[in-house]
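Structure first, then comments.
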Amino acid sequence: MSGLFSEDAWLMVWAHKDTFILGFMNTLETSMAAILLSLVIGIVIGLMSMSDRSLLRSINRVYVEFIQNTPLLLQICVLYYALAFSGHKLGILLTGILALGVYHGAYMAEVFRAGIGAIPKGQFEAAESQGFSYVGKMYYVILPQSIKIILPPLVNQIVNLIKNTAVLYIIGGSDLISLTYNFVTGATTGGAYAPAYLVCGALFFLICFPLSMLAGLWEANLKKQDGREAGAEKKVAAT
Amino acid sequence: MMIKLDHINKYFGDVQVLQDINLEVREGEKLVIIGPSGSGKSTTVRCMNFLEEPTSGHVYIDGKELTRKNKMELVRDTTSMVFQQFNLYPHMTVLKNLTLAPMKLHGKSREEAEELAYHYLDVVGLRNKADAYPNTLSGGQQQRIAIARALCVQSKIILFDEPTSALDPETIQEVLDVMIKLAKEANITMVVVTHEMGFARQVADRVVFMADGQILEEGPPEHFFLNPKNERVKKFLSKIIR
């Protein structure tokens, strides 16, 4: 095969388009499940950081620090190989979902912690003084206010998670990155490096870019709103 | 007794902010708590709805002991609070601020809750602000809305924690006027932490002076104007009564 961008190479990729579509779908599925898991972990662990009970706050710190300060690649190897050797085989898909969910759950927890922490103490007290339960206070008063602070970094985490499906390669996954790599190194399909990687990149871009754009827009909108609110406060102070 | 504080002590870390506070408030009584900042007056009212939990001692509300376990129900059913910083919910309109607790906690229908809300908006003179968001209102208006929100749950007790301290001088009176009207017309038990001695003189049944976490002197408001006994009280009053 001659030339990185030769017609042959492109045709080869086209002929195996099903491989790329399969990888794309696998990456999407794994991501979606892992995103859900990371959101649940993020909310639960994040709320723990706000608890009155020191045990829950400790759990939050240990979880977040441990997960954030060890490589994702190591975590997924532990989950897959270490557990496999002890006789608990999870399977590639489940391992991928768990590893990504647990890893990004730690980051989501920090996102939720920051978002809820940004709400003034008086809001919590107003809800408590009215007799709201913890859940009622969070649901009606605190979360609706923190959601606009939480959303932009939350979407960034989702984008990172989707890109991090690449680590599934280490356990022989059938995600987009793994299948692309297998394709370009395969005995019968090998060699079409440039087109294959371009297609792979384009597919990732197709999911991640709109999400990033959305996050950016939210962030800009948030800043504008903050400006308005600060202005309104100034007006109040001046009256 | 509507409220009874029984040998309340409160520590923040190593600092003792309340020392053996004993205080009883009758049903319908208007009690004003005055004193220099850092004297524990805010902490005292915040113990009455367990926003602060006493380190030791007992709080009784309407005959029932307030505990960590029952505080949600007991506070919901008996007390409201008006804060120094208003603490209106900024993501809701005024009407939503007023109807949230009645609908979600007191089982009122939307119609009932809105009827109540408009009634109390009339009381505070802000019916036309029902659809406004809190941060578009002046401080005085926000505090009047906060008072309406406290009234909407029709509790027997309203606690006021320095309700005019964050306001500009021009808007203080409009808030005080609403509070005076309430004190004169309604049989609500009011506990008010404030520096407004004119307000105390007009509506208080009893004034309590606190300093260094203790109650130093108490009596009817005239007592404080005519012949306070404690030197700390005399010095403090000479500074705030002009």
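In table form, for the structure just shown:
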| read-out | value |
| --- | --- |
| For the stretch B:86-111 and the stretch B:30-54, distance of Cα centres in Å | 26 |
| DSSP-assigned coil residues among GluC sites (Glu not before Pro) in the stretch B:69-129, each with at most 16 further Cβ atoms within 10 Å | none |
| For the stretch B:68-79, 3J(HN,Hα) per residue [Karplus equation, 6.51 cos²θ - 1.76 cosθ + 1.60, θ = phi - 60°, Hz, x = Gly/Pro] | 4, 6, 9, 4, 4, 6, 5, 5, 4, 8, 10, 10 |
| Share of carbon and sulfur in the accessible heavy-atom surface of chain B [1.4 Å probe, %] | 46 |
| Helix-only [θ]222 nm of chain B, DSSP H runs n ≥ 4, -39500 (n - 2.57) each, per residue, nearest 500 | -11500 deg cm²/dmol |
| Degrees, to the nearest 10: B:169-185 long Cα axis against longest axis of chain B | 90 |
| Interface area, A with B, accessible, probe 1.4 Å, both sides summed, Å² nearest 100 | 2100 |
| Cα-based helix-to-principal-axis angle, B:231-240 vs chain B, degrees rounded to 10 | 40 |
| For the stretch A:7-238, accessible area per residue (1.4 Å probe, heavy atoms of protein chains only), Å² | 51 |
| Two-site FRET efficiency, B:LYS104 against A:SER51, from Cβ-Cβ distance with R₀ of 35 Å, rounded to 0.05 | 0.90 |
| Apportionment of accessible area to carbon and sulfur, the stretch A:7-238, percent (1.4 Å) | 70 |
| Within 10 Å of each Cβ in B:74-84, the average number of Cβ atoms from other chains | 3 |
| Distance (nanometres) between label positions extended 7 Å along Cα→Cβ at A:ARG61 and A:LEU11 | 6.5 |
| Euclidean distance between Cα centres, the stretch B:172-216 to the stretch A:56-102, Å | 59 |
| Efficiency of FRET between B:GLU218 and A:PHE209 - r from beta-carbon atoms, R0 56 angstrom, step 0.05 | 0.25 |
| Computed [θ] at 222 nm, deg cm²/dmol, chain A (DSSP H ≥ 4; -39,500 (n - 2.57); rounded to nearest 500) | -25000 deg cm²/dmol |
| Theoretical gain in end-to-end length, B:LYS234 to B:THR67 [0.36 nm per residue, Cα-Cα removed] | 56.4 nm |
| Centre separation in Å (Cα based) which lies between the stretch A:115-157 and the stretch A:1-45 | 36 |
| Average partner coverage of A:130-143, which counts Cβ from other chains inside 10 Å | 5 |
| Calculated FRET efficiency for the pair B:THR55/B:ASN187, C-beta based, R₀ 30 Å, to 0.05 | 0.35 |
| Chain B - percent relative contact order, Cα under 8 Å, separation 6 or more | 27 |
| Rough spin-label spacing in nm, given labels placed 7 Å along Cα→Cβ, for B:VAL15 and B:ASP205 | 3.4 |
| DSSP beta bridges in the protein assembly as shown [antiparallel fraction, %, rounded to 5] | 55 |
| Of B:LYS41/B:LYS64; B:LYS30/B:LYS234; B:LYS64/B:LYS129, pairs whose Cα-Cα distance is over 30 Å | B:LYS64/B:LYS129 |
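The values are calculated or read from the model by the stated rules, or taken from the named source; none is laboratory data. Model, not experiment: these values are computed from the prediction. Backbone-built Cβ (ideal geometry, glycine too); neighbour counts: all protein chains shown. These area figures cover heavy atoms from the full protein model, side chains too; ligands, DNA and RNA do not enter into them. Shrake-Rupley method; radii C 1.70, N 1.55, O 1.52, S 1.80 Å.
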